[in-house]
1. In Å², what does the accessible area per residue of the chain work out to with a 1.4 Å probe?
2. Where a Cα-Cα gap under 30 Å defines reach, which lysines qualify for Lys62, not counting those fewer than 8 residues away within the same chain?
3. In degrees between 0 and 90, to the nearest 10, how far off the longest principal axis of the chain does helix 2-19 point, with axes built from Cα atoms?
4. Calculate the dipole size of the chain relative to its Cα centre from +1 charges on Lys and Arg beta carbons and -1 charges on Asp and Glu beta carbons; express the result in debye to the nearest 20.
5. For a label point 7 Å from the Cα of Arg145 along Cα→C-beta, name the residues of segment 99-115 whose backbone N is under 20 Å from it.
6. So the label point goes 7 Å from the Cα of Arg110 along Cα→C-beta, right? Which residues of segment 156-175 then have their backbone N under 20 Å from it?
7. Would you compute, for the Cα atoms of the chain, the largest minus smallest coordinate along each principal axis and list the three values in descending order, in whole Å?
8. With just the Cα atoms defining each centre, how far is segment 36-67 from segment 231-297? Give it in Å.
Amino acid sequence: MRLLSLLVAGAVAASAAAAGPPRVGRLEVGTAPYRVTSSGRTLWASVHGTGTVVRIDPTRSKVVRRYRVGGGPGDVAVANGVVWVGNYVGDSIIRLDVARRKLRRIRVGRKPIALDVGGGAVWVADFSDGRVTKLSARSGKILLRRSFAESHEGIAVQPGGIWVTSEGGIVHKLDPKSGRTLLTVRVGDDADYVAVGAGSIWVSCYLDDSLWRLDSSSGKVQQKISVGRGAQGIAVGGGSVWLAMYDTARLLRIDLAAGRVAESFRTGVQPRGVALAGGSAWTANSGGSTLTRVRVH
């Protein structure tokens with residue numbers, strides 16, 4: 001009887017080991033995490049409620065360090081050891097030199113939520129005053145500004161163009177050197193997040209039922225994938241698009257080959273930003289205090 005018990009226990013343990021760790025998990029980071037990004041082997045999260053930026057080891061699902069930056073941290077981007085942070089409640093973006101432990105505020109607009117880095121420049125999109133600003137990534141000097149009669153929440157830098165979303169359902173592609181408008185594309189209502197991946201531009205529209213896929217050169221609409229209303233953050237990689245659904249507290253995995261939703265995972269309240277790091281998809285649960293992690297495989 002004891003031998004049978006041992007055999008059964010061994011079989012259960014072997015089965016659990018084969019199954020591996022749970023596919024979905026959560027990590028406490030602080031009140032109202034907003035956006036996430038990956039850089040090398042590191043995951044970064046902006047935490048709006050505590051005015052901090054959190055450095056995370058994604059393979060161990062562990063917070064490594066917290067940096068107090070103040071304001072209401074928005075978008076976050078990393079280049080050459082510098083972390084750039086947008087601001088939801090102030091007029092300045094933050095330049096955080098991690099190695100030197102130096103923090104600098106650069107006045108840009110009234111609510112410079114979204115930013116991205118590329119080609120030696122930082123591009124910032126403002127939600128309140130509608131401006132798009134280009135700064136030197138080295139000095140922080142403002143190089144050019146464009147004014148739009150629209151609110152912006154998303155921006156993505158590509159060598160061939162700067163993609164900016166507008167609340168009115170317009171996506172602009174700007175020239176990286178001059179900032180002039182190369183083209184505009186009409187998408188769904190309340191266009192928020194924009195991401196580059198799989199040779200395309202991806203746009204989520206909060207008040208529209210579709211995830212929009214655009215040609216990165218012409219801006220032509222290549223595909224509209226039905227996802228339901230409330231779409232927010234996007235991450236693309238490994239043949240999938242990961243999409244946060246703010247209203248329903250879900251993280252969707254869209255199969256690129258099939259062009260449809262393949263899996264849906266429960267997250268925390270009001271997920272926003274999404275990033276891929278450490279073999280997992282991560283989303284910031286802005287209505288709570290956690291990041292949700294979903295293992296890709």
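The values are calculated or read from the model by the stated rules, or taken from the named source; none is laboratory data. Being a predicted model, the structure only gives us computed values, none of them experimental. Ideal geometry is used to build each Cβ from the backbone, glycine not excepted, and the neighbour counts take in all protein chains shown. These area figures cover heavy atoms from the full protein model, side chains too; ligands, DNA and RNA do not enter into them. Shrake-Rupley method; radii C 1.70, N 1.55, O 1.52, S 1.80 Å.
1. Result: 44 Å² per residue.
2. Lys102
3. Orientation of helix 2-19: about 10 degrees from the principal axis.
4. Using only the charged Cβ atoms, the result is roughly 1200 debye.
5. Inside the label zone: 105-115.
6. 165-170
7. 79, 44, 29
8. Between the Cα centres of segment 36-67 and segment 231-297 lies a distance of 17 Å.
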